[in-house]
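S.K.: One structure, as structure tokens, below. Some questions next.
Read the figures in this text as sums done on the coordinates, not as results from a lab. The structure displayed is predicted, hence computed values, not measured ones. Please note: Cβ atoms are built from the backbone with ideal geometry, for glycine as well, and neighbour counts cover all protein chains shown.
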Amino acid sequence: MAHVLVHADKVAAAKAVSAVIRDLIVAKAKAGQTAVLGLATGSTPLPLYAELIRLHREEGLSFRNVVTFNLDEYEGLAGDHDQSYRYFMEQNLFRSLDIPKGNTHVPAGTACDHARTCADYETAIRNAGGIDLQVLGIGRTGHIGFNEPPSARDSRTRHVHLDEVTRRDNSVFFGDLARVPHGALTMGVGTIMDCRRVELLAFGAGKAEIVRRSLRSAPSADCPASWLQEHPACTFHLDPEANSRL
Ligand code: PGA
């Protein structure tokens, strides 16, 4: 069963999750090990990334021994495209930390051989020792990463087609629906379920109904986030608006 924490607002939620990440990084460093983080894009994690940057700048938290794997990337967008998720991560987090660029992984949206690229991504996660902590947002379709409905419990990193609801929601960033890619590469539900710990963030009234479905309906491919009910260490971090239908 997933845990639910309701915070005063998204900044309070970001502080709570950043403290968990800080403690993980510090504990791993003490043990001479690498912390492996799974990261997300979208507007939801931005306050979290701002807080991680503050911890680095003001409290000396080092990311030298951190390895990251992002959930997903748009098909066809290169890392220097201003709507690619690689670009998003560089702008909103990586460039402000001391993390070595080679430690950061985002699926290659321009790769020709999707099957090979996705299998290699799974191998890279395994070779890093698996993901210690995965940060998630949630889309109004119930997607986690770009696992749109229907997405099976055991799905792995793969090429997917984006739901039209997701394309419309994300068209504000592209300025025009026609520019939003139709496909993406994403970690699978099974890839996410293998992460040792999952911290999902959802803010605002627009997420209230999908948060309710994710936590209250029986786990099924029709609402991919509902599979998280079966994760042994998953917390939903909500603001009061996102919690309003629970
Ligand atoms: P958002 O997207 O943070 O921009 O709301 C969340 C998601 O689609 O996972």
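S.K.: Could you check what % of the DSSP bridge pairs in the chain are antiparallel, to the nearest 5?
M.R.: So the antiparallel bridges in the chain amount to around 30 percent.
S.K.: With a ≥ b ≥ c the root eigenvalues of the C-alpha gyration tensor of segment 90-144, is it rounded (a/c under 1.5), prolate (a/b larger than b/c) or oblate?
M.R.: Rounded, because the longest to shortest axis ratio a/c is under 1.5.
S.K.: Once you order the gyration tensor axes a ≥ b ≥ c over the Cα atoms, which shape class does segment 117-242 get: rounded for a/c under 1.5, otherwise prolate or oblate by comparing a/b with b/c?
M.R.: It is oblate, given that a/c is not under 1.5 and a/b is not larger than b/c.
S.K.: Of Lys15/Lys101; Lys10/Lys30; Lys15/Lys207, which pairs sit farther than 28 Å apart, going by alpha carbon to alpha carbon?
M.R.: Over 28 Å apart, Cα to Cα: Lys10/Lys30.
S.K.: Classify the chain as rounded, prolate or oblate from the Cα gyration tensor: take a ≥ b ≥ c as the square roots of its eigenvalues, call it rounded if a/c is under 1.5, otherwise prolate when a/b beats b/c and oblate if not.
M.R.: It comes out rounded by the Cα gyration axes.
S.K.: Show me, for segment 228-244, the HN-Hα J-couplings you get by feeding each phi into the Karplus relation (A = 6.51, B = -1.76, C = 1.60, θ = phi - 60°), rounded to Hz, glycine and proline as x.
M.R.: 3J(HN,Hα) across segment 228-244, in whole Hz: 5, 4, 8, 7, x, 8, 10, 10, 8, 9, 10, 8, x, 5, 5, 8, 5.
S.K.: Right, another one. Among Lys207, Lys30, rank each residue by its count of other Cβ atoms within 10 Å, from fewest to most, as a rough exposure measure.
M.R.: In order of increasing Cβ crowding within 10 Å: Lys30, Lys207.
S.K.: What net charge do the residues around Ala119 carry, taking every other residue with its C-beta under 10 Å from that of Ala119, with Lys and Arg at +1 and Asp and Glu at -1?
M.R.: It works out to a net charge of 0.
S.K.: How high is the relative contact order of segment 95-246, in percent, with contacts defined as C-alpha pairs under 8 Å that are six or more residues apart?
M.R.: 27 percent
S.K.: State the antiparallel share, in %, of DSSP beta bridges confined to segment 37-180, rounding to the nearest 5.
M.R.: 10 percent
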